[in-house]
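Structure, as structure tokens:
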Amino acid sequence: MREIMREAARRGGEVLKSYFQKRKDFMLKGEKDYVTVADRESEEKILEFLKREAPGVSILSEETGGKRDKENFIIDPLDGTKNFVMGIPFFCISIGYEKDGKIISGVVYDPVREEMFEAERGKGAYLNGERIRVRENRFFHYAVISTAFPPTATGLISKYLLAMEEIILKTSALRRFGAAALEIAWNAAGRFDGFFHFRLNPWDVAAGSVLLEEAGGVITDPYGGKEILKGDIVGGSPEIHRELLEIIKRRMGYA
């Protein structure tokens, strides 16, 4: 299945590369939520290939929707649309494969850098064919953390700022990149140490979750449970995740 997902991601990536750095018209599909022709054409290429190569698998995708069944592809044809529109080279395609309620495998493809992150449950995580692991950092004060906060989730902003303040003071750096799936993949590759995100969608999380776990990391909901596809997540290497989760629970009321 990974081979099929990998090829589907590459086909979507060719669409995104053809539009990137050109003038891009966008539409609003919701409050402060962009969509472009590139999102939709990328999705068309991905779905066309997956439906032909794996016709029995249900599809849940950002632009056309769908529903989850016993066996599913969970797809974001362009994660980081605002970055893409603004010419910021940090966006990706994310495809997760779910069976019987468990994410079995995932690919996250960065077409700008031509980096293919992929993982399968029990078989490790890889970047362009080379094994990857989370960074071996046990010290929270050396950690580099990433975050994202959807501007529509205004009800959480005051608690989020409390957590963010403490994390800024206790770590080496806090970053906001703007493409959650790629951030999780970068964490799996050891490029930073942990992350916390809120109000994501299943297609933002599915592929990255198996990547991180197969790279030796931990991803949970803010209660420390496994309801990660609901969209509120905390992750990182085991030691960093533990300290980050404690702050999120205490500061944001997830105890």
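Among the helices (runs of 4 or more DSSP H) confined to region 143-255, the ones with at least 3 residues that are over 30 Å from K99 (Cβ atoms) and at pLDDT 95 or above are located at 157-170, 238-252. As a summary of the residue check, R135 satisfies the conditions (1) surrounded by 19 or more Cβ atoms within 10 Å (Cβ to Cβ); (2) charged (D, E, K, R); (3) farther than 18 Å from A189 by Cβ except for the one numbered (3).
Within the option set Y160, Y126, being within 20 Å of G253 (Cα to Cα) and of a type in the set (F, W, Y) holds for one residue only, Y160. On the basis of being within 17 Å of V234 (Cβ to Cβ) and at pLDDT below 95, does N137 make the cut? For N137, the condition - within 17 Å of V234 (Cβ to Cβ) and at pLDDT below 95 - is met. T64 falls short of the stated requirement of being crowded, with 17+ Cβ neighbours inside 10 Å and modelled with pLDDT under 90.
The values are calculated or read from the model by the stated rules, or taken from the named source; none is laboratory data. Here the structure is a predicted model, which means the values were calculated and not measured. FYI the Cβ positions are ideal-geometry reconstructions off the backbone, even for glycines, and counts take in every protein chain you see.
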